[in-house]
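> Encoded as structure tokens, here's the structure I'll be asking about.
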Amino acid sequence: MALAAVSHDLRTPITRLRLRSELLDDEATRDLVDADLSEMEGMIDSTLEFLRGGDSSEAARPINIVSVLETIVDDEADQGRRITLDARAHGRVLGRLLALKRAFWNIVGNAVKYGDSAIVGIAETPTQFSITVEDDGPGMPEAQMERVFQPFVRLEESRGRETGGSGLGLTIARAVVASHGGEIALANRREGGLRVTIALPKLDVFAPQPADAAQDRPAQSGAAAESRSV
């Protein structure tokens with residue numbers, strides 16, 4: 001409730017400013033103002049997501065992980081990004097759809113921001129899915145690979161819209177992945193660029209035991225004990 005109230009209080013003046021910007025005669029100035037307001041909204045969204053710590057009231061349900069990534073990759077491609085999907089596995093995870101989308105958007109968004117092209121891959125083991133996001137950008141100093149997961153940390157100094165940001169993208173991604181029983185790791189590619197690897201447990205591995213089965217077990221044990229006593 002508190003976060004919802006804060007969100008409303010922060011967005012109300014932004015909405016007023018957006019309405020007032022429509023009264024500007026200079027189209028170029030109006031576009032700049034709208035872009036600034038959109039950036040402010042994005043920063044609010046990131047900060048609120050960080051404050052939630054990856055938690056959400058959204059219910060967990062079976063999710064087709066390939067469909068989620070296809071949506072993200074297709075949207076980036078529609079915007080002219082050079083990005084491809086190499087799906088060598090198909091299956092479902094137990095998760096919160098909006099939270100997982102946000103995590104993958106953050107990771108894929110970084111890949112297409114810092115590299116000229118990106119490849120999203122999906123592989124599997126008997127127990128988990130391995131999602132990789134690779135770019136051909138400048139990579140990252142190994143000494144900084146843990147630090148970038150800390151809140152508000154950005155390795156580049158630009159505050160421009162093309163390379164700037166709130167410094168919360170990877171923080172949120174790790175929190176969301178961890179809340180789904182997964183892990184996220186960074187590594188430089190030998191041929192140049194960065195590789196982000198996300199491991200998520202498969203549905204039948206991470207899914208909690210059905211309540212009915214848990215309730216049946218004591219009853220079955222009792223019945224067996226009764227049978228032995230007879």
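The values are calculated or read from the model by the stated rules, or taken from the named source; none is laboratory data. This is a predicted model, so every value here is computed, not measured. Note that each Cβ is placed from the backbone with ideal geometry, even for glycine, and that neighbours are counted across all protein chains shown. Note: areas computed on protein heavy atoms with side chains; ligands, DNA, RNA excluded. Shrake-Rupley method; radii C 1.70, N 1.55, O 1.52, S 1.80 Å.
> What does the accessible area of HIS90 come to, in Å² to the nearest 10, when a probe of 1.4 Å is used?
130 Å²
> Taking a ≥ b ≥ c as the square roots of the Cα gyration tensor eigenvalues, with a/c under 1.5 meaning rounded and otherwise prolate when a/b beats b/c, else oblate, which class fits region 65-142? Walk me through the numbers on the way to the answer.
Values: a/c = 1.73, a/b = 1.44, b/c = 1.20.
Prolate, since a/c reaches 1.5 and a/b exceeds b/c.
> Could you compute the net charge surrounding ALA199? Neighbours are other residues with a C-beta less than 14 Å from the C-beta of ALA199; K and R count +1, D and E count -1. Don't skip to the end; give the middle numbers.
Working: positive: ARG174, ARG195, LYS202; negative: GLU124, GLU183.
Charge balance near ALA199 sits at +1.
> Between ARG82 and ARG18, how high is the FRET efficiency from 1/(1 + (r/R0)^6) when r is the Cβ-Cβ distance and R₀ = 35 Å? Nearest 0.05.
After rounding to 0.05, the efficiency reads 0.60.
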